[in-house]
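For reference, the structure is listed below as structure tokens.
The values are calculated or read from the model by the stated rules, or taken from the named source; none is laboratory data. None of the values given here were measured: they were computed from a predicted structure. Cβ coordinates were reconstructed from backbone atoms using ideal geometry, including for glycine residues, and neighbour counts include every protein chain displayed. Accessible surface is based on the protein model in full, side chains and every heavy atom, while ligands, DNA and RNA are left aside. Shrake-Rupley method; radii C 1.70, N 1.55, O 1.52, S 1.80 Å.
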Amino acid sequence: MSSVPDNAPQHCPGTGSEDAGKASACAGCPNQNLCATGAAAGPDPAIEIIKERLSKVKHKILILSGKGGVGKSTVTSLLGHGLAARHPDINVGILDADICGPSQPRVLGVRGEQVHNSGSGWSPVYVSDNLSLMSIGFLLGSPDDAVIWRGPKKNGMIKQFLSEVDWGDLDYLLIDTPPGTSDEHLSAVQYLSGAGLSGAVVVTTPQETALLDVRKELQFCRKLGARVLGVVENMSLFVCPNCKTRSEIFPATTGGAAQMCLDLDVPLLGKLPLDPILARCCDDGRDFLQELPQSPAVIQLTQIIGKLVATCEEKSS
Ligand code: ADP
């Protein structure tokens with residue numbers, strides 16, 4: 001359906017266009033202000049398409065962080081592996097929507113795989129029988145290609161990712177987003193709220209400089225009506241593998257995530273320790289849960305997953 005109104009001036013870009021109200025043809029048009037604010041465009045038809053596409057995905061979870069480098073992608077991959085390992089008949093998908101730094105293909109050990117596009121959409125890449133991944137990383141010519149995209153193109157990609165991947169039946173879809181609160185997050189929340197967003201998991205490290213940004217992230221969720229399923233504090237402690245001394249690499253000078261969660265009345269899902277073998281596994285694309293199932297990090301992760309599943313199930317019952 002055309003978004004160009006009947007009484008439009010010649011060369012009208014249409015109400016749905018990024019140029020609506022801003023193109024030279026808009027000068028003098030009585031609808032110019034309305035179009036420039038986006039109010040004339042009406043609801044984006046993609047919202048309905050995404051709702052339909054994700055109708056067989058039970059829990060849709062955004063993974064957010066205030067800053068880059070706090071371990072958001074690592075936690076996403078651990079949650080994916082952990083959820084999939086819990087039960088063979090649970091299906092888990094990861095959507096790597098970190099458009100400027102897609103790291104899931106490497107972390108999950110499927111770099112260089114091809115995604116196939118068929119009549120029913122893009123097929124994700126299978127990491128294991130019940131864990132699938134779609135990432136912008138699969139669409140780049142080379143893993144080192146810089147992705148320097150402007151806002152509209154990034155939003156278009158998010159829309160395409162949400163509407164065109166054929167996930168099949170999924171119990172959990174984890175969406176790894178870029179750090180911060182940008183236009184992409186707004187788009188993702190808007191599109192997903194139509195499809196029934198379960199909520200967000202927020203990842204942080206314990207120090208105040210990281211928490212400062214996380215408070216903004218929580219505020220963002222509150223404003224958009226996205227439920228915070230919980231906060232994961234990553235790299236909380238380091239236990240020396242030789243002498244077993246515990247050290248705080250990033251000291252929680254203001255009480256860490258636990259105090260912040262109390263102050264802001266959001267659940268703390270748990271704390272993950274810093275473990276150099278975990279970092280190595282991520283670099284090599286190996287499944288840390290299988291490599292070190294008895295490690296403190298995996299024990300903590302299991303508790304985090306238990307809480308997350310309970311929260312999601314309670315919400316959907
Ligand atoms: P983000 O997605 O927030 O930018 P990443 O998940 O890419 O961060 O993590 C940044 C780096 O920290 C990676 O090299 C990763 O392997 C490492 N890392 C993350 N969490 C841990 C942890 N708990 N222990 C050790 N290394 C970690």
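Within a straight-line Cα-Cα reach of under 20 Å, Lys22 can be paired with the following aspartates and glutamates, leaving aside sequence neighbours fewer than 8 residues apart in one chain: Asp6, Asp44, Asp183.
Sites listed here are GluC sites (Glu not before Pro) in the range 193-250 whose DSSP assignment is loop and whose Cβ has at most 15 other Cβ atoms within 10 Å: Glu248.
A dipole drawn for the chain from +1 and -1 charges on Cβ atoms has a positive end, and of Gly16, Thr302, Leu131 the residue lying farthest that way is Thr302.
By the rule of a C-alpha distance below 29 Å, with chain neighbours fewer than 8 residues away ignored, the lysines paired with Lys58 are Lys67, Lys72, Lys153, Lys154, Lys159, Lys216, Lys223, Lys271, Lys307, Lys315.
For His11 and Gln259, compute 0.36 nm times the residue count separating them, minus their Cα-Cα distance, and round to one decimal in nm.
Roughly 83.6 nm would be gained on extension.
Within the range 194-259, the trypsin sites (Lys or Arg not before Pro) that combine a DSSP coil assignment with at most 10 other C-beta atoms in a 10 angstrom radius are Lys244.
Scaling against 2.2 N^0.38 Å puts the C-alpha radius of gyration of the chain at 1.07. Across the range 181-192, rounded Karplus estimates of 3J(HN,Hα) from the backbone phi angles (6.51 cos²θ - 1.76 cosθ + 1.60, θ = phi - 60°) give 10, 10, 4, 4, 5, 4, 4, 4, 5, 4, 5, 6 Hz, Gly and Pro being marked x. Between Ser128 and Gln219, what length in nm is gained on full extension when 0.36 nm per residue of separation is reduced by their alpha carbon distance? Here the segment from Ser128 to Gln219 would lengthen by 29.2 nm. Across the chain, the relative contact order, built from alpha-carbon pairs under 8 Å that are at least six residues apart, equals 20 percent. Each Lys and Arg Cβ is given +1 and each Asp and Glu Cβ -1; about its Cα centre, the chain then shows a dipole of about 520 debye. Each residue of the range 237-249 is assigned a 3J(HN,Hα), and the resulting list reads 9, 10, 9, 4, x, 8, 9, 6, 5, 9, 10, 8, 6 Hz, derived from the Karplus form 6.51 cos²θ - 1.76 cosθ + 1.60 (θ = phi - 60°), x at Gly and Pro.
Taking the accessible area of the range 46-316, probe 1.4 Å, and keeping the other protein chains in place, the carbon and sulfur fraction comes to 51%. Dividing the Cα radius of gyration of the range 230-317 by 2.2 N^0.38 Å, with N the residue count, gives 1.21. Calculated accessible area for the chain comes out at 49 Å² per residue, all protein chains present (probe 1.4 Å; ligands, DNA, RNA ignored). Once Rh for the range 59-187 is found with the Kirkwood sum over Cα pairs, what is the Stokes-Einstein diffusion coefficient at 37 °C and 0.692 mPa s, in µm²/s? My calculation gives 223 µm²/s for D.
Each of Gln114 and Asn33 was given a label point 7 Å from its Cα along the Cα-to-Cβ line. The distance between the two points is 5.5 nm.
Springs join every pair of Cα atoms under 10 Å in this Gaussian network model of the chain, and among Val239, Val110, Val75 the largest mean-square fluctuation is at Val239. DSSP beta bridges confined to the range 46-316 are antiparallel in about 20 percent of cases. Helix 151-164 and the long axis of the chain differ in direction by around 80°, with both axes built from C-alpha atoms. Taken along the Cα-to-beta-carbon direction at a fixed 7 Å, the label points for Lys244 and Thr209 span 3.3 nm.
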